[in-house]
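Down below is the structure, laid out as structure tokens.
The values are calculated or read from the model by the stated rules, or taken from the named source; none is laboratory data. Owing to the predicted nature of the structure, the values given are computational and were not obtained by experimental measurement. A quick note on method: Cβ atoms are made from the backbone with ideal geometry, for glycine too, and the neighbour counts reach across all protein chains shown.
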Amino acid sequence: MKILVVEDEQKTSAYLKRGLEENGFVVDVAHTGEDGSHLAETQPYDLIVLDVLLPGRDGWKVVTELRRRGIETPVLFLTARDAVRDRVKGFELGADDYLVKPFAFSELLARVRSLLRRGPARQSAVLRLGDLEVDLSRHRAQRAGRALDLTPKEFQLLSFLLQRCGEVLSRTLIAEQVWDINFESDSNLVEVHMRRLRSKVDDPFETRLIHTVRGVGYVLDARG
Ligand code: CA
């Protein structure tokens, strides 16, 4: 099993290389996004361990470019930022898993093994609820086999609802997680986007998936 580690901090990359090699993996290291992209495009890897914050081309750009070229190698992101927004962004781009720095090597090893068992990236990036299907890595949504024409923000909103389906989400939480803003004064933005999303996701179909919980927020579920 061959792993590419893209990490600009020399100490961390040396530590990862040594640890993974001790566990039987063959490891290449790149210290910039550009070098990482080049290696990933020209060599076959079973997995890429990709730091998000890299000088020059960052981890997001590296994975976007790889997926655009049809390279499906699973990616384990290393990130110092634990925001849900970042996780959503990563999954939209076709990443498979995240590890927040600092982490224990044993945790990294467990994630690496689990990703290698799971196989290519895109299989794990499709969320479903009833006849609704959202493919996070391809950035496509469909219902009952019909493609939904969503704006990027609507897609992000739907992905967030789907990742937390069955859970009642307040307007404030949605505003924070999807728009990254604090929204105590005006929740109109969420309502406006929710209305547009419903006109595409629910109105043309018999069963409603997006439900309003009066005075609280919204919940996505298939109760009808
Ligand atoms: Ca870094």
* Hey, can you tell me all the residues within segment 1-12 that are surrounded by 14 or more Cβ atoms within 10 Å (Cβ to Cβ), more than 23 Å from the chain's Cα centre (by Cα) and within 13 Å of the ligand (Cβ to nearest atom)? => 9, 12
* To do: May I ask you to verify whether residue 62 is modelled with pLDDT of 90 or more, within 16 Å of the ligand (Cβ to nearest atom), buried (at least 22 other Cβ atoms within 10 Å of the Cβ) and outside any loop (DSSP other than H, G, I, E, B)?
  => yes
* Structure fact -> Filtering segment 32-48 for residues that are assigned to a helix (DSSP H, G or I) and of a type outside the set (A, V, I, L, M, F, W, C) leaves a count of 8
